[in-house]
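Some notes on the structure that comes next.
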Amino acid sequence: MSHNHQVKAKKHLGQHFLTDESIAERIADSLSLKGYQNVLEIGPGMGVLTKYLLKKEVTTHVIEIDTESVEYLKANYLNLNNRIIEKDFLKYDLTQIFHQEPFAIIGNFPYNISSQILFKTLDMRDQIPEFSGMFQKEVAHRICSKEGNKVYGIISVLTQAFYDATYLFTVPPSVFNPPPKVDSGVLLLKRKENYALRCDETLFFRVVKTAFQQRRKTLRNSLKIFNLTDNLKANSIFDKRPEQLSVAEFIQLTKLIENQ
């Protein structure tokens, strides 16, 4: 099948194919490969990144929804054997493949679902010690951003509660086919050693999401839904707006609400 035909087939999935081998190799090299034996690549397309992963001392699995890409991978990457999962990553139960084993995630993610891929990773954080991937540059910056920054938001806090996030490098549109209209950014997430939060984790997610839904308001106003006592509302933390709070302060805030 011609490469152009392939590109046409994938356009509707928001997928841009990486054509630069050296960048593919850099992404593959970003994982430490420590603490797990399995790696899952999301959306491998023509296998430009897969090729470098297959050289590593880990077992590479790929998940791909596009039938034509699957056919291409089966024909050209015989050493993938039966490790091509023809499913939608967002809907598929990965414990069918990995059971309770840890695995890393890697990929040049389709922009339109990249945040959802990350949220699913956070849901499965007990099994995913490491994550490396390419996002739209703005999204990658937002994920890695610290408090006090106007792009700091829900995805920054929830990711950094459990993972150390590092922005690795920027990738220009010219190395993709078709070229996207924006720069891309590659980031690395390494799960923290003690990543269990010292608060109710479900409540933590709710507090963070609720606070940022009205990010211009002080927490005293945006968190009314939690029926704060007058005593608690007097705490000076409620004078702040959500982007002023570090991850540690959001955990502290959750504990205050939990114990009121």
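Nothing in this text is a laboratory measurement; each read-out follows from the coordinates by a stated rule. Please read these numbers as outputs of a predicted model, since none were measured by experiment. Counting neighbours? That spans all protein chains shown, and the Cβs are built from the backbone with ideal geometry, glycine included.
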Helix 201-213 vs. the chain, principal-axis angle (Cα, 0 to 90°, nearest 10): 80
Crossing angle, helix 247-259 versus the chain [Cα axis fit, 0-90 degrees, rounded to tens]: 50
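Determine, from the Cβ-Cβ distance of LYS181 and LEU33 and an R0 of 30 Å, the FRET efficiency 1/(1 + (r/R0)^6), rounded to the nearest 0.05. Provide the component values of the computation, followed by the final result.
Details: r = 34 Å, r/R0 = 1.12.
Rounded to the nearest 0.05, the efficiency is 0.35.
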GLN260 versus HIS99: modelled label distance in nm, points set 7 Å from Cα along the beta carbon direction: 4.6
Segment 30-140, relative contact order [Cα under 8 Å, separation at least 6], %: 30
Pair THR170, ASP200: separation of 7 Å Cα→Cβ label points (nm): 4.3
Between segment 96-130 and segment 168-219, the Cα center-to-center distance that results, in Å: 13
For the chain, share of DSSP beta bridges that run antiparallel, in % to the nearest 5: 50
Rounded tilt (10° steps) of 114-123 against the dominant C-alpha axis of the chain: 70
Normalised contact order of segment 119-234, rounded percent, pairs of Cα under 8 Å and 6 or more residues apart: 26
Pairwise FRET efficiency - SER22 versus ASN82, Cβ, R0 = 30 Å, nearest 0.05: 0.50
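Can you give me the relative contact order of the chain as a percent, contacts being Cα pairs under 8 Å and 6 or more apart?
Values: 427 pairs, mean separation 43.0, N = 260.
Relative contact order comes out at 17 percent.
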Sequence-distant residues sharing a close amide H with LEU168 (under 5 Å, placed H): VAL186, LEU187, LEU188
Total formal charge among the other residues, if their Cβ is under 15 angstrom from that of LYS56, Lys/Arg +1 and Asp/Glu -1: 0
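Calculated from DSSP H runs of 4 or more alone, at -39500 (n - 2.57) each and per residue, what is the 222 nm mean residue ellipticity of the chain, nearest 500?
On the way: 12 runs with 97 residues, N = 260.
Computed mean residue ellipticity for the chain: -10000 deg cm²/dmol.
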Contour excess over end-to-end distance, with Cα ends at ASN112 and LYS56 and 0.36 nm allotted per residue: 17.3 nm
